[in-house]
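K.L.:
Quick one: the structure is below, questions incoming.
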Amino acid sequence: MKIRRQIILAVVLLLASTSGWGKEKAKLGPCVRQCVQAFNPSLADSGAQEFMAEDFRSRDCVRLCKENLYQGECNPAADNCCNLDYLDSDPDCQGEPPPDQPGNGLPPDPGEAGKETLEGIDSDGDGIRDDIQRYIALTYPGSQKTRAALRQLTFALDKSILESPDEESALNNTELMHRATECLWYIHSDQSIKFKNQLKAEYLNTLKRSRAYLAYDSKLSGHVFGGKDFDEYKTSCTFDPDLMED
Amino acid sequence: MKNIIYIFISCLLGTILLAESSAASICDSKETVVYFGNGIKTTEDEAYDSLNILKKQLHMALPTEKYELLEFKVSYNGTHGLPLDLLESTLQVLSGNTSRFWRLFWGLEIIPDWFADKFILLSSVLDKSALVTTDSLKNHVTTYKTKIAEGKKVLLVAHSQGNLFGNQAYWLLNSREQQSFGMVSVANVDNNVLGADSPYTTLETDKVIMALLAAQIALPSRPMEPNTENLDKESADSLGHSFIESYMIKSSNSETKITQQVITVLESLATPSQFVESGVITISLTWGSEPDVDLHVYEPNGMQVFWNNLQGYSGALDRDDRSGYGPEHYTVPACETLERGIYHVGLDYFKGDEPELATIHIEAGLLVRTYEIAIPSEIYGSSNSPELIANILVKGGENGGYDFEIYE
């Protein structure tokens, strides 16, 4: 009886998974094809047979496409490109020197030109202003997890001063700031306050940026904000700091 | 076959929910909520740092079983434009270097006298009565009242202008609620603590308090005299007023004193009678004297929970009011019944003759939102067509635990 149940369950699972995959495949097909070809150019225009091959590349691509992670050029999977948003899980980031270390592809100092707009200059398109990218890399060359946490904080700061036109956005962006704060605290405890404020002082290097930050802050007046327990602070990181050696 | 698939999916979903809920503190029941109420020279981000410092201190000082009964929140008081005024008035001296301004502002460099003087000048001309804005105070009081109604004790650690908010909040609570509301006062700019000469901590070296004492005309009431000295403690905060840099400086007299006062007040607070259930999601509706405004919640499963259907699949309306003021209260009591998806929150002006002002207070996970809604009398008599006020989106967190969003 027990075995019969297991057989029924296996059939059910098989049916559920195969029928689901059939529909999924049709929907994901172009994404997976593009992804497989990007990973392995020799498969370009190779036709259906190769595409359907159950090698690790296509399985990886199915996962990336299903989870909307496929990014075209630098994916959080083995494609010889370390995706900075997935430092902990992208195999290309493991065992390599941190991508933001001095001499490892840092953009040039934008100088005064970098202060002309609220957004600043992000010449390498990594999502972080060049001057702040350089500050983080050059100030903390020996700590990958600190750099990752400060990058998370920079993303939150960006959203706060660039995308808080109304109170609701400001409140949501404050949650991102808190999570970044908790992540940095997980790594450095109360010393994190100093690291955070030093970064913020660098970040708010123009009157326009300072005003935008204070305008964002003024929208928070009168509101109440909750915090996690200390033992959950690690979960506030968008990466896994415990997988980083330093 | 369909049943088997359904059971399988249900089990899988249940496993995921249980796995996530076990890791989340929002699922744990807490006994006391500790709020930090900030001073005027404090941005929200810095207020959150102050809360962390306080939390760490209590984590070290309290036995684990007592610490785990505490929940921590920031009651943020605005800065009234003071940082911007300070920035604009000092920028010329700083040769336009805003980064240097922020380093001084956040105590990363020793504050020079001219900078401290400028801050004292700007803060001393602020009108005390204008500092406590009605909207902010009302939001804070709504939160305190909600927590006390849930049977929780409330402790406010108030710094600088936070004392003005705390004292005024206290007088807006009824006598029963006051028994369960305590305050630990730090750098008090007011002349009392909750209407009494209760314990407080003000440093002898606090130049802001000293300036206020010297210029009584700036405040209708004279602040309480400094009563604490930190010997041999160096700080970049030459103002001597910062919560983190001056009052909670490591191993200082003030740090020890404040921590001890928090513990003493925590032990002295009365546990309030519980009027409504606490939970992972709580929604409270209050209004004025008109007889009946109704709270409606549509759960992700589609169930409408309101006066005519008190029990949902996920939560329940555990308090219905038909005689004015409210509260009406909905709660999802535990993570076990929390659903992924959207909870829609609405209200219906069921019975009354005059326009009403309703307040909906939502707490979901770490999020707290308060909405004020003016309801015209014209919709009097509507019964089952609530006006949508807010949505609560519950989703699984990327790193385990739940994520919440509240939006209109």
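Throughout, read-outs are computed from the coordinates displayed, never taken from laboratory work. What you see is a predicted model; the values in this text were computed from it and never measured. Cβ sites come from the backbone with ideal geometry, for glycine too, and all protein chains shown count toward neighbours.
K.L.:
For B:GLY396, what residues show an amide H to amide H distance below 5 Å, using hydrogens built from the backbone and excluding near sequence neighbours?
P.N.:
Correct list: B:ASP403.
K.L.:
In whole angstrom, how long is each semi-axis of the equivalent ellipsoid of chain B, when you take the square root of 5 times every eigenvalue of its Cα gyration tensor and sort them from largest down?
P.N.:
42, 25, 21
K.L.:
Grab the beta carbon distance between A:ALA215 and B:THR134, set R0 = 30 Å, and tell me the FRET efficiency rounded to 0.05.
P.N.:
Once rounded, the FRET efficiency stands at 0.90.
K.L.:
Along the positive direction of the dipole of the stretch B:212-350 (beta-carbon charges: Lys, Arg +1; Asp, Glu -1; about the Cα centre), which of B:PRO226, B:GLN274, B:GLN261 reaches farthest?
P.N.:
Towards the positive end, the residue furthest out is B:PRO226.
K.L.:
Can you give me the long-range amide H partners of B:VAL280? Hydrogens built in the peptide plane at 1.01 Å from N, cutoff under 5 Å, separation of 5 or more residues or another chain.
P.N.:
Answer set, sorted by chain and number: B:VAL332, B:ALA334.
K.L.:
Here's a follow-up. List the relative contact order of the stretch A:165-246 as a percent without decimals, with contacts defined as Cα pairs under 8 Å and 6+ residues apart.
P.N.:
In percent, rounded to a whole number, it is 48.
K.L.:
Could you tell me how many cubic angstrom of Cα convex hull volume the stretch B:267-368 has per residue?
P.N.:
Output value, Cα hull per residue: 122 Å³.
K.L.:
Using a 10 angstrom Cβ neighbour count of at most 13 plus a DSSP loop assignment to flag exposed trypsin sites (Lys or Arg not before Pro), which longest range of chain B is free of such sites?
P.N.:
Counting at most 13 other Cβ atoms within 10 Å as exposed, the longest clean stretch of chain B is B:1-249.
K.L.:
In what order do B:SER25, B:SER175 fall by count of nearby beta-carbon atoms within 10 Å, going from fewest to most?
P.N.:
Ranked by crowding around the Cβ, least crowded first: B:SER175, B:SER25.
K.L.:
Determine the relative contact order of the stretch B:177-326: mean sequence separation of Cα pairs under 8 Å and six or more apart, normalised by residue count, in whole percent.
P.N.:
The value is 19 percent.
K.L.:
Would you mind checking which residues have amide H under 5 Å from B:ARG319's amide H? H placed 1.01 Å from N; only 5 or more apart, or other chain.
P.N.:
Sorted by chain and number, the residues that satisfy this are B:HIS329.
K.L.:
Same structure, new question: Would you mind computing, in nm to one decimal, how far apart the modelled labels at B:GLN179 and B:LEU388 are, each placed 7 Å from Cα along Cα→Cβ?
P.N.:
4.3 nm
K.L.:
Now, a different point. Dipole magnitude of chain B about its Cα centre, charges +1 at Lys/Arg Cβ and -1 at Asp/Glu Cβ only, in debye to the nearest 20?
P.N.:
Here the size comes out at about 640 debye.
K.L.:
Which aspartates and glutamates have a Cα less than 12 Å from the Cα of B:LYS395, not counting those fewer than 8 places away in the same chain?
P.N.:
B:GLU20, B:GLU339, B:ASP403, B:GLU405
K.L.:
If R0 is 56 Å, what FRET efficiency do you get for B:ASP117 and B:GLU336 from their C-beta distance, rounded to 0.05?
P.N.:
Once the sixth-power term is evaluated, E becomes 0.45.
K.L.:
Counting alpha carbon pairs within less than 8 Å and at least 6 residues apart, what relative contact order, in whole percent, applies to chain B?
P.N.:
Once divided by the residue count of chain B, the mean separation gives 14 percent.
K.L.:
When B:GLU408, A:GLU112 are ordered from fewest to most other Cβ atoms inside 10 Å of their Cβ, what list results?
P.N.:
Placing the least packed residue first, the sequence is A:GLU112, B:GLU408.
K.L.:
How much mean residue ellipticity at 222 nm does chain B get from its helices, if each DSSP H run of length 4 or more adds -39500 (n - 2.57) and you divide by all residues, to the nearest 500 deg cm²/dmol?
P.N.:
Calculated from helices alone, the mean residue ellipticity at 222 nm is -9500 deg cm²/dmol.
K.L.:
Sticking with this one: Going down the table (A:LYS234/B:LYS73; A:LYS194/B:LYS73; A:LYS196/B:LYS153; A:LYS200/B:LYS207), which pairs top 30 Å between alpha carbons?
P.N.:
Violating the 30 Å limit, Cα to Cα: A:LYS196/B:LYS153.
K.L.:
Going by how many other Cβ atoms sit within 10 Å of their own, how do B:MET183, B:MET210, B:MET303 line up, fewest first?
P.N.:
Result, fewest neighbours first: B:MET303, B:MET210, B:MET183.
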